[in-house]
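Below: the structure, in structure tokens.
The values are calculated or read from the model by the stated rules, or taken from the named source; none is laboratory data. Just so we're clear, the structure is a prediction, and the values are computed from it rather than from any experiment. Neighbour counts run over all protein chains shown; Cβ positions are idealised from the backbone, glycine included.
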Amino acid sequence: MMRLLLPTLFTFFAFSGFAQSLFNNAVVHKVEIEFFDDNWDHLLDSLASDGFGTGSGTGRILAHVTINDTPFDSCGVRYKGNSSMDTTSNKNPFNIDLNYVIAGQEYQGKDKIKLANCYTDPSVVREALTYEMANYYMDAPRASFVELYINGEYRGIYTNTESVDNEFLDKHYGSSDNPFFKCDPVTFELYGDNSNLAYHPDTATYEDLYDMKSEYGYEALQDLTYQLELAPETIEDYLDVDRALWFLALSSALVHNDGYTAFGHNYYVYKMDNGKWSIVLWDVNMSFGGLLWNGTNLLPLGMDALIEQDPYLHIEAYDFRPLIAHLLSRPRFKRMYTAHFKTIMEEQIANGYYMERAEFMHDLIDPYVETEPYSHYPYADFEANLYDNVGFWADLRPGLQALMDPRDDYINTLPEFNATQPTIEPVVISPADPEPFSTVTFTAEVTDANYVQFAYRFHEHDYFIWETMYDDGAHGDGAAGDGVYGIMIPITGAPMHYYIYAENPEAGRFTPARAAHEYFVLEPEKGLVINELSAKNVSIAMDEAGDYDDWIEFYNNTDEAISLSGYTLSDDPGQPDKWTFPNIEIAAGDYLIVWADDDSLIDDDLHANFKLSAGGETLTLYNAGGDVVDLVAFPDQFDDITFGRYENGTGPFDYLYPTFDAENTSPVGVEEVEPIKPIIYPNPATDQVTVQYEETVTRSLMIYNMNGQLMMSAELNEVNVITLSISDLSPGLYFIIDAEGNSEKLIVR
């Protein structure tokens, strides 16, 4: 089954269950702060003065905080921001820590509330509007509006911006304990390196240029900058290039100079479990031309310069802006970037949608802005700035429409944006409803292209593997040269995410257009599956002999009975027929328990001749023809905690509360599990592949093919990296599995 996965869209259409979300920008939320100290403003000013350039300091003062009528006691409050914070101002930005004293206090899963004061923005909508647009194309913070009260006094309208914290990382990347940095220097230099991802030989230099939010990571960050600057031809092995291109395209399209473009700051980087770094947008209150510098000019930019700011600005500034230069100087990445840029302009600007959303937000907050006691701008400027400019020279704040409508006209005069893009017809899948662990042919009719790329992955937090599609008659594509491009991909039992990119020498195109944030999903038709297992059955269930032995649960997802005659089960891929099922059936929607106890004394056909390893191993189910039906590589197991599919029968594996011979219902967090996972590169590979761990390990590595056959093995002995020769492996999909049960997919070309 194929479907298109759409990102969550934050529009004014509030649906059931969403209206109360703290980041629903269709309503104005209410936050009330009651400080314990009467001289709270003096205390916060003093803390900010000790911030050494950060504008916030490190301490907090106590307050009672109420969010939408939900009270929180003993919260920690401080100012936040750099230039937006001013000790003489009565409208400063705030950072609220809900669990500062009382552990576990949170509001809708967030324990940090960050309120921006709409600094330098007469329209008041720049930040919320930009984050809403960004969420169409990348993993970005959400934002909404807040009316803030302090000690009962209304202070004004604020933008409530989602914190880029552990909860954000876990949600979007599936982890939060890897190297993580806020890219803001301790001391800002107008034309300096700042946090521009330039390489420095001394890791100590990074301590002044980047704010480390993780427990470690300077050496990893240094390695990223080294690869970007000195080995850019392989930067896709270290950087999520697509996320970076969307980040740069949105910043350029909206003339968001107060980020990487002009000053090399105001963003986050996180190293994902897959070994690649991701870039996260941050602090966009000066988007839509709110900052009148682009990193090169001396005098403030005027309207014409902002309207015509080059989409490829800094493309040759290898030392000054290495992220832009080293990515956009590569023709393919430049064409990808341009395709993303065109998508943003077509979907948001050219059709007037950005103004529709800006006007909605403006009308929503209008009564709150009109009564603000400490606004940075007169109310008349708020009313005008959606359409018209406010201020002049260094104080110019472009009207959103005055900037973006002519900018769209200008962008469409550029040759890169006038070039003919390829066309990509809908993808055809054969077979239409493939079974797990089979080979699927993907074809698409493409015109005006000399290169077509197929990108895919098997897990939400994997990186996309890029493979070439061909029109040569040898890749399931029909006749050579007929405009139909094809590729044959071995799939697993997991959903496959994929998209297509096509290009000619002048232009590129993605389908879906918002790839890779949006992608197609192919879900194999799951029949018989390994559904749940217990390798440490202390008190869950007893077999006929009264023993608490290991057990494996199977589930039939189909609406017909499945005969198990000739099916085999094995914990040794080198011996696929280790144990053979009896000649029985498993009914539609039914469960079957097999005891893994190696007990030949029990007169029952459902006792396998092996036990499960509580330290983790691979379990494979084969059909009568010897093909893999299902496979699970499970990690360390725990007493009376099972490992199974959630959702039942179809979902990925997770630690579960036991449901012996019944539907899987509830995952359980197992904090003790911190597996040391390998990073595989290059991937795809041809002659050799490197397996690298974050720390030294002693463990075995095995490489299996799609049929569960052991193709090669290796040993790591107190080392963290090993390079394996794979020149004897045939092209296809393989699994690299270590002795701890970690499984990574390897593509051999």
If a residue must be buried (at least 21 other Cβ atoms within 10 Å of the Cβ) and in a loop (DSSP other than H, G, I, E, B), how many such residues does the range 101-118 contain?
2
Single unsatisfied condition, TYR655 versus (1) surrounded by 15 or more Cβ atoms within 10 Å (Cβ to Cβ); (2) of a type outside the set (A, V, I, L, M, F, W, C); (3) modelled with pLDDT under 90
(3)
Taking the range 454-483 and keeping only residues that are surrounded by fewer than 20 Cβ atoms within 10 Å (Cβ to Cβ) and among the aliphatic types (A, V, I, L, M), one is left with ALA455, ILE465, ALA474, ALA479, ALA480
Could you tell me how many of the residues in the range 65-106 are of a type in the set (Lys, Arg) and either over 14 Å from ILE33 (Cβ atoms) or without any contact (Cβ under 8 Å) to a residue 40 or more places away in the chain (or both)?
2
Qualifying positions in the range 142-200 - more than 26 Å from GLU695 (Cβ to Cβ), in a loop (DSSP other than H, G, I, E, B) and in contact with a Cys (Cβ under 9 Å, 6 or more places away or on another chain)
ASN194, SER195, ASN196
Condition test on THR441, is it modelled with pLDDT of 95 or more, more than 29 Å from the chain's Cα centre (by Cα) and hydroxyl-bearing (Ser, Thr, Tyr)?
no
Would you be able to say whether some residue in the range 386-403 is hydroxyl-bearing (Ser, Thr, Tyr) and either assigned by TED's automatic domain parsing to the domain that holds ALA502 or touching a residue at least 40 places away in the same chain (Cβ under 8 Å) (or both)?
no
Contacts under 8 angstrom Cβ, first residue in the range 459-470 being farther than 15 Å from GLY275 by Cα, partner of a type in the set (S, T, N, Q) and assigned to a strand (DSSP E or B), 6 or more apart:
TRP466/GLN453; GLU467/GLN453; THR468/GLN453; MET469/GLN453
Verdict on VAL164 being touching a residue at least 12 places away in the same chain (Cβ under 8 Å) and over 27 Å from LYS276 (Cβ atoms)
no
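Matching residues to (1) farther than 29 Å from ALA633 by Cβ; (2) among the hydroxyl-bearing types (Ser, Thr, Tyr):
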| position | (1), (2) |
| --- | --- |
| PHE442 | no, no |
| GLY478 | yes, no |
| GLY481 | yes, no |
| ALA494 | no, no |
| TYR499 | no, yes |
Selected residue (criterion: surrounded by the fewest Cβ atoms within 10 Å (Cβ to Cβ)) from residues of the range 354-387 that are assigned to a helix (DSSP H, G or I) and among the charged types (D, E, K, R)
ASP363
What is the residue count in the range 600-659 for residues that are outside any loop (DSSP other than H, G, I, E, B), among the small types (Gly, Ala, Ser) and without any contact (Cβ under 8 Å) to a residue 60 or more places away in the chain?
1
Going by the structure shown, is PRO582 assigned by TED's automatic domain parsing to the domain that holds GLY644, surrounded by 20 or more Cβ atoms within 10 Å (Cβ to Cβ) and in a loop (DSSP other than H, G, I, E, B)?
no
Scan of the range 510-548 for residues that are over 24 Å from PHE442 (Cβ atoms), of a type in the set (Asp, Glu), in contact (Cβ under 8 Å) with a residue 60 or more places away in the chain and surrounded by fewer than 20 Cβ atoms within 10 Å (Cβ to Cβ), ordered by number:
ASP543, GLU544
Any idea which residue in the range 170-218 is surrounded by the most Cβ atoms within 10 Å (Cβ to Cβ), counting only those that are of a type in the set (Phe, Trp, Tyr) and farther than 29 Å from THR296 by Cβ?
PHE180
Could you tell me whether the range 259-270 includes any residue that is assigned to a helix (DSSP H, G or I), closer than 25 Å to ALA394 by Cβ and either among the β-branched types (Val, Ile, Thr) or at pLDDT 95 or above (or both)?
yes
Test: SER278 is part of a strand (DSSP E or B) and either among the hydroxyl-bearing types (Ser, Thr, Tyr) or in contact (Cβ under 8 Å) with a residue 24 or more places away in the chain (or both):
yes
Return the residue satisfying two criteria in turn: it lies in the range 52-64 and is surrounded by fewer than 18 Cβ atoms within 10 Å (Cβ to Cβ) and either in contact with a helix residue (DSSP H, G or I) (Cβ under 6 Å, 6 or more places away or on another chain) or small (Gly, Ala, Ser) (or both), and of such residues it is modelled with the lowest pLDDT.
GLY53
From (1) among the hydrophobic types (A, V, I, L, M, F, W, C); (2) in contact with a helix residue (DSSP H, G or I) (Cβ under 9 Å, 6 or more places away or on another chain); (3) farther than 24 Å from GLY81 by Cβ, pick out the condition that doesn't hold for VAL280.
(3)
Leading residue by the ranking (farthest from ALA502 (Cα to Cα)) among those in the range 316-330 that are touching a residue at least 60 places away in the same chain (Cβ under 8 Å) and part of a helix (DSSP H, G or I)
PRO322
Members of the range 585-599 that are out of contact with any Lys or Arg (no Cβ under 7 Å at 6 or more places or on another chain), part of a strand (DSSP E or B) and not acidic (Asp, Glu):
ILE586, TYR591, LEU592, ILE593, VAL594, TRP595
I need the full set of residues from the range 615-639 which are surrounded by fewer than 15 Cβ atoms within 10 Å (Cβ to Cβ) and of a type in the set (D, E, K, R), in order please.
ASP639
Please work out if TYR498 is part of a strand (DSSP E or B) and under 30 Å from VAL529 (Cβ atoms).
yes
